[in-house]
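First the structure, in the form of C-alpha cells, and then the observations on it.
The values are calculated or read from the model by the stated rules, or taken from the named source; none is laboratory data. Quantities reported herein were computed from a predicted structural model and do not represent experimental measurements. A quick note on method: Cβ atoms are made from the backbone with ideal geometry, for glycine too, and the neighbour counts reach across all protein chains shown.
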Amino acid sequence: MITLKAGRDRSRGDALAHVAAAHRGRGQSPLRRITAYSLRHYWQASLAIGATIIASGLQLMIPRLLGHAVDQAQTTLTVAGEGAQQALIWTALTLLIVSVARGLFTLVQNFYSEAVGHHVGYELRLAFYDKVQRLSYSYHDRMHSGDLITLGLLDLDGLRMFFSTGFIRTILLTVLIGVGAYMLLSTDVLLGLLALSFVPFVAWRSSVAQLTLRKTWLVLQERLSVLTRVMEENLGGIRVVRAFSGQKHELEKFETASKSALELAHQRVLVRVKNTSMMTFSFFAAMGLVLWFGGVKVIAGEMSVGTLASFLTFMTILQMPVRQLGLMVNSFARASTCGTRFFAFLDAPIDIESKPEAAPLKVKEGTLRFEDVHFTYPGASHPTLNGISFEAHAGQTIGIVGAPGSGKSTLAHLIPRFYDVTAGRILIDGQDVRDVTLQSLRRSVAVVQQDTFLFTTTIENNIAYGDPWAKERKIERAAESAQLHNYIMGLPADYSTVVGERGVSLSGGQRQRLSIARSLVLKPAVMVFDDSTAAIDAGTEHRIRSAIRRYAKDRVTLVIAHRLSSLMHADFILFLEDGRIVEQGSHAELLERGGKYRALYDLQTRPADDLEAAE
Ligand SMILES: Nc1ncnc2c1ncn2[C@@H]1O[C@H](COP(=O)(O)OP(=O)(O)OP(=O)(O)O)[C@@H](O)[C@H]1O
C-alpha cells in the first residue's frame with residue numbers, strides 16, 4: 001500500500017521567513033546579533049523583561065516588610081494593644097500577597113524568557129539546516145561532519161540560552177543588586193557596607209569558577225567526542241574487530257579515552273566544590289559582621305531589631321543572584337564564542353548557487369556537450385580533469401572507463417554542478433549548466449552513486465525521494481526496471497516496508513538497484529550510472545540494462561564502470577587516464593585499435609590460468 005512520500009508535507013513558507021531573518025545583522029558582533037534576534041519576538045521578550053523588573057522589585061520589598069513585622073511583633077509583646085496586633089496582621093498579609101505576586105511574576109519571567117529561547121533555537125536550527133542543504137560538495141569535503149553537528153547542537157544551544165541566562169539575568173541582577181545596595185546604604189552606611197562586603201568577592205569567585213568550568217567543559221566536550229568517535233568506529237567496524245580478534249585492543253583504546261574524560265570530570269568537581277565553599281564562607285563571615293555591629297547598634301538603641309532583621313534578609317536575598325553573576329558572565333562568554341562560530345557558518349558564502357538571473361533549464365533535444373573542460377579540486381595541486389571534450393545526444397549511451405583515480409566520477413559530478421568546472425563549459429541543449437537554476441539542473445541530471453544511501457523510511461519513500469508526488473504506478477515501474485519489484489513484493493509490507501538502519505537490511509546489490517529505481521523515477525535528461533552495478537551479478541545487470549533501454553531512448557546515459565561488460569554496448573566509450581581522454585570510440589573500434597582499451601579487455605576476458613602463466 002502506497003502512503004505519503006518523503007517531502008510531501010514540506011511547509012517551506014514559514015521556514016524561509018525564519019531563515020531570511022537569521023541572516024540579518026551580518027557584520028554585527030555575535031552578542032548584538034543574538035540580542036536583536038531574540039528581541040524580534042517582541043511581545044514575549046517584553047513580557048519577560050517587564051515581569052523580571054516587577055518580580056525583582058517585589059522581592060526587594062520583602063526584607064523591608066519582614067523588618068516591619070519584627071518591629072511590630074516586638075511592640076505587640078511589650079505594649080499589648082489591639083492596634084499593634086492589627087498592624088502586624090496587615091504586614092503579614094501584605095508580605096503574603098507580595099510573595100505570591102513575586103512568585104507569579106517570576107513564573108511569567110521564566111516562561112517567556114524560555115519561550116523566546118526556544119523560538120530562537122527553532123529558527124536558528126532551520127537556518128542552520130537550510131545552509132547545510134545548500135553548501136557545496138567542496139565545503140563538505142573540507143568540514144568534518146562531526147564539527148557541523150557540534151555547530152548545530154552545542155553552539156546553537158549556547159545562543160538559544162543567551163536570552164534567559166544572559167540577557168534577562170543581567171536585568172534581574174542589575175535591579176536586585178543595584179536597588180538592593182542603594183536601599184541598604186541609604187538605611188545605614190556602615191551596616192550597608194558590611195552587608196555588601198561579600199558581593200565583590202563572591203562575584204569574582206563565581207565568575208572565575210564559571211569561566212574555568214567553561215574552559216574545562218570545552219576540553220571535556222572534545223574528550224567525550226573522542227570517546228564517541230572510538231565507539232562509533234568500533235560499532236561501524238564491528239565485523240573487522242571480531243574477525244581480527246581486536247576486542248582487547250579496542251577495550252584499551254576505549255579505556256584511555258574514557259580515563260582522560262574522567263580525570264577532567266574530577267577537576268571540574270574540585271573547582272566547583274572549592275569555590276562554593278569559599279563563597280559560602282565569605283557570605284557567612286559578612287553576615288557575622290552585620291550581626292555583630294548591628295547587635296551593638298540595637299543594644300545602644302540606635303537601630304531597631306526589625307531593621308537589623310531586614311539587613312539580614314536583604315543579604316539572604318542578594319546571596320543567590322550574586323552567586324549567579326558567574327553564570328551570567330559565562331552565558332556572555334559562551335554566546336560570544338558560539339555565536340562567532342555559528343554566524344560565521346551561517347554567513348559563509350555558498351560557492352555553488354543559481355545566479356540571480358538564472359532561468360530554469362529547458363530540455364528539447366537533450367544534447368550534452370563538454371567543451372574543453374578542466375577541473376582542479378579546491379586546494380589540490382594537480383588538475384583532475386584536463387581538456388575533456390565530447391558531445392552526446394539523447395538516446396546515446398556513453399561508457400567511461402579508466403584506472404581508479406583517473407577522474408571518471410569527477411567528470412560525472414561536474415554535470416549537476418556538485419563542483420564547478422575550473423575552465424571550459426558543460427552545456428545541455430546549448431545552455432551552460434552554470435547559467436540555469438540549480439534546482440532545474442539537478443532534476444534533469446540524475447547520478448546513481450557508487451555509495452547508495454537509504455533513508456530510514458519505507459521503500460516507496462526511498463524510491464520517490466526526488467519526486468515526492470510520483471504516482472504508485474511510476475514507482476513500481478521504476479522498481480520493475482531496476483529488477484527490484486519482485487523482491488519488494490516478497491517483503492512483509494511490500495512497498496511500505498521500512499529500510500535503513502532500523503529497518504529491513506538490503507544487500508549491496510539490492511541497495512544499488514533501489515538507488516537506480518530512485519533515479520529512474522525522475523526521468524532526467526542525463527542519467528549517470530557511476531559504477532552503480534558493481535555489486536550486481538552480470539545476469540541481473542543484463543536484465544536491468546534491457547529494462548532501462550526504454551528509459552534510455554529519450555536521454556543521454558553515461559555509464560562509468562570497471563567491468564567492461566557493463567559498458568561495451570555503449571554508443572561510444574571514453575578511456576580516461578590522468579584526467580585526459582586517451583582513447584575514444586565504439587567497443588569494436590577500440591578493440592581494433594589495439595591500445596589501452598584492448599589491453600584492458602584482454603585482461604578481463606583472459607582466463608585466470610593464462611594470467612598466472614603470463615606472470
Ligand atoms: N573531494 C575531493 N577532493 C580532492 N580530491 C579528490 C576528491 N574526490 C576525488 N579526488 C581526487 O581526484 C582524483 C579522481 O578521483 P575520481 O573519484 O574522479 O576517480 P575515479 O576514476 O572515479 O576513481 P574510481 O574508479 O576509484 O571511482 C583522485 O586522485 C582523487 O583522489
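Scoring Ser245 on the criteria (1) small (Gly, Ala, Ser); (2) more than 21 Å from Trp292 (Cα to Cα); (3) part of a helix (DSSP H, G or I) leaves a single failure, condition (3).
Residue count for the range 391-417 under the criterion of being out of contact with any helix residue (DSSP H, G or I) (no Cβ under 6 Å at 6 or more places or on another chain), within 16 Å of the ligand (Cβ to nearest atom) and either more than 22 Å from Thr437 (Cα to Cα) or not in a loop (DSSP other than H, G, I, E, B) (or both): the result is 15.
Each row is one residue, and each column tells you yes or no for (1) crowded, with 17+ Cβ neighbours inside 10 Å; (2) within 36 Å of the chain's Cα centre (by Cα); (3) not charged (D, E, K, R).
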{"residue": "Glu480", "(1), (2), (3)": "no, no, no"}
{"residue": "Val499", "(1), (2), (3)": "yes, yes, yes"}
{"residue": "Arg550", "(1), (2), (3)": "no, no, no"}
{"residue": "Leu567", "(1), (2), (3)": "yes, no, yes"}
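Of the residues making up the range 571-596, those that are more than 42 Å from the chain's Cα centre (by Cα) and surrounded by 22 or more Cβ atoms within 10 Å (Cβ to Cβ) number 2. Would you confirm whether any residue within the range 523-542 is touching a Gly at 6+ places or on another chain (Cβ under 6 Å) and at pLDDT 75 or above? For the range 523-542, residues touching a Gly at 6+ places or on another chain (Cβ under 6 Å) and at pLDDT 75 or above: present. Of all residues in the range 458-477, those that are surrounded by fewer than 17 Cβ atoms within 10 Å (Cβ to Cβ) and in contact (Cβ under 8 Å) with a residue 60 or more places away in the chain total 3. Exactly one residue out of Thr457, Thr452 is modelled with pLDDT under 90 and away from the ligand (no atom under 16 Å from the Cβ): that is Thr457. Just a yes or no: is a residue in the range 424-435 within 16 Å of the ligand (Cβ to nearest atom), of a type in the set (Asp, Glu) and assigned by TED's automatic domain parsing to the domain that holds Ile548? No, the range 424-435 contains no residue that is within 16 Å of the ligand (Cβ to nearest atom), of a type in the set (Asp, Glu) and assigned by TED's automatic domain parsing to the domain that holds Ile548.
Within the range 482-491, the set of residues being part of a helix (DSSP H, G or I) and either of a type in the set (S, T, N, Q) or surrounded by fewer than 21 Cβ atoms within 10 Å (Cβ to Cβ) (or both) comprises His485, Asn486, Tyr487, Met489.
Is it the case that Ala257 is assigned by TED's automatic domain parsing to the domain that holds Thr313 and modelled with pLDDT of 85 or more? When the stated conditions are applied, Ala257 does not pass them.
When Gly387 is tested against the conditions (1) at negative phi; (2) within 16 Å of the ligand (Cβ to nearest atom), the lone failure is (1).
Of the residues Leu411, Leu454, the single one that is in the same structural domain as Ala392 (by TED's automatic domain parsing), under 30 Å from Ser389 (Cβ atoms) and in contact (Cβ under 8 Å) with a residue 60 or more places away in the chain is Leu411.
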